[in-house]
Amino acid sequence: MTDPLVSASDSDLFRPYRLGDLTLANRIVMAPLTRRRAGPAGVPGPLNATYYRQRATAGLIIGEATNISPQGKGNGWTPGIFNDAQVAGWRTVTDTLHAAGGHIFCQLWHTGRTSHPALQPGGVLPVAPSAIRAEGSSFTEQGPRPYVTPRPLHTDEIAGIVDDYRGATRRARAAGFDGVEIHGANGYLIDQFIRSGSNFRTDRYGGSLENRLRLVLEIAAAVVDEWGGDHVGIRISPLNQANSMHDADPATSFGTIAERLGRLGLVYLHVLEGSTRAPRGQGPQLDWQALRRGFGGTYISNNGHTRATALAARAADSADLICFGRPFIANPDLVARLRDDRPLAEIDQTTIYGMDPAGGEAGYTDYAELPA
Ligand SMILES: Cc1cc2nc3c(=O)[nH]c(=O)nc-3n(C[C@H](O)[C@H](O)[C@H](O)COP(=O)(O)O)c2cc1C
């Protein structure tokens, strides 16, 4: 139903937006969505290029989370951006997408404690700020495996991880991406360092807030130095509890992060507002506008958006860009459907993740567009 208060034709949701040196066709962002269809070596190919090309009408696509190093990998058949074959594979994707008029950032991922020895080179333990096991499972190539107690990183290993982010940024640039998004959300390595419930370190990367923020700020500074702030965004999820995450004072932790990252000149702050376990606006909330003001640049709002909430967010100017995740899975032409207020297709839950490295079109590239 058309919202009687805001019609699509009055809204700037469907009009261009300037993000750094890019002109996005509209203010709709496709969220990063892990689909596990990049084969055992994490090299994207023509199937992935087709999937992203089908969604090229999004103003900006945040590509699926992409491993910055072999150590960062925490799920089978996820793509990487740490070797030349992966760069060449991603080049197919970015060239195809650009030819269709789209823009794409690469989401830089290190899964930290949510990996598993079956996915680690040499079968070693995954690394983390502290030896605290999360509840849940890694999706290995042999099936789901319960998380293990990780090995705490030595202080002198951390510079190497920052370097891995820098190297992944250099490769993302060589692969033709328009920018990178630092994955600071959802309980992966960076988030594990930030939040008080997963970081019990006693060195300069743990304990006080200043220390818990050191890793994300060092990574952001390195990535900005590598490519320039116009090409660097970050995603955070201050209240998401997925992967056993908890922070004693999220308003202060993430308020401070937003301000510091704004000063480093990142082009956007992408916030998963609330918890993915609750519908939009339900459950605990932070003052998201305070984060936005503290950051000062482009603010991307995600989590549970519908056509109505997206139009309302632009009418109230509570976010610059509106990010949709799940609706893009079954609706490659989501932007046109939202603009024209046409029905959305439902996701087939059984084919979200591609378990078979040889296949994967079903539930990936075979969702139809509505006839014009
Ligand atoms: C299948 C699936 C895969 C996801 N993969 C990622 C990912 O790779 N990186 C990430 O930051 N979030 C990921 N998410 C979270 C989404 O980006 C998004 O935050 C979440 O789905 C809420 O937005 P929505 O209500 O519009 O779907 C994933 C979610 C789903 C359902």
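Each reported figure results from applying straightforward, stated rules to the coordinates on display, with no laboratory input. Just so you know, these numbers come straight off a predicted model, no measurement behind them. Here Cβ is always computed from backbone atoms with ideal geometry, including for glycine, and neighbour counts include all displayed protein chains.
A Cβ distance below 7 Å, combined with a sequence gap of six or more or placement on separate chains, defines the contacts here; from region 229-247, residues that are closer than 13 Å to residue 272 by Cβ reach residues that are away from the ligand (no atom under 11 Å from the Cβ) and of a type in the set (Lys, Arg) in the pairs 245/195.
Look through 166, 170 and report the one residue that is under 20 Å from residue 194 (Cα atoms), touching a residue at least 24 places away in the same chain (Cβ under 8 Å), surrounded by 14 or more Cβ atoms within 10 Å (Cβ to Cβ) and more than 16 Å from the ligand (Cβ to nearest atom). Lay out the reasoning, then the answer.
Numbers: 170 fails: under 20 Å from residue 194 (Cα atoms).
Only one candidate qualifies: 166.
Considered as a group, the residues in region 77-100 that are within 21 Å of the chain's Cα centre (by Cα), away from the ligand (no atom under 16 Å from the Cβ) and part of a loop (DSSP other than H, G, I, E, B) include one that is surrounded by the most Cβ atoms within 10 Å (Cβ to Cβ), and that residue is 82.
Do we have residue 148 as on the phi < 0 side of the Ramachandran plot and in a helix (DSSP H, G or I) here?
Working: on the phi < 0 side of the Ramachandran plot: yes; in a helix (DSSP H, G or I): no.
Considered against the rule, which asks whether it is on the phi < 0 side of the Ramachandran plot and in a helix (DSSP H, G or I), residue 148 comes out as no.
The set of residues from region 280-337 being surrounded by fewer than 22 Cβ atoms within 10 Å (Cβ to Cβ), within 12 Å of the ligand (Cβ to nearest atom) and under 20 Å from the mean Cα position of the chain (by Cα) comprises 280, 304, 306, 325, 326, 327, 330. All conditions in (1) part of a helix (DSSP H, G or I); (2) within 16 Å of the ligand (Cβ to nearest atom); (3) more than 13 Å from residue 191 (Cα to Cα) hold for residue 233, with the sole exception of (1). Screening region 1-73 for strands (runs of 3 or more DSSP E) wholly inside it with 1 or more residues that are in contact (Cβ under 8 Å) with a residue 60 or more places away in the chain and within 16 Å of the ligand (Cβ to nearest atom) returns the ranges 28-30, 60-67.
So, in region 117-135, exactly how many residues are within 30 Å of residue 179 (Cβ to Cβ) and part of a loop (DSSP other than H, G, I, E, B)? Even if it seems obvious, please write down each step before you answer.
First, pick out the residues of region 117-135 that are within 30 Å of residue 179 (Cβ to Cβ): 119-121, 126-129, 134.
In the following step, the residues that additionally are part of a loop (DSSP other than H, G, I, E, B) were identified as 120, 126, 129, 134.
Residues in region 117-135 being within 30 Å of residue 179 (Cβ to Cβ) and part of a loop (DSSP other than H, G, I, E, B): 4 in total.
Looking at region 353-365, can you tell me whether even one residue there is within 12 Å of the ligand (Cβ to nearest atom) and of a type in the set (A, V, I, L, M)? Steps first, please.
If we filter region 353-365 for residues that are within 12 Å of the ligand (Cβ to nearest atom), which is where we start, we get 353-354, 363-364.
Filter once more, keeping what is of a type in the set (A, V, I, L, M): none.
No, that holds for no residue.
Considering 168, 159, the condition of being closer than 26 Å to residue 242 by Cα and part of a helix (DSSP H, G or I) is satisfied by 168 alone.
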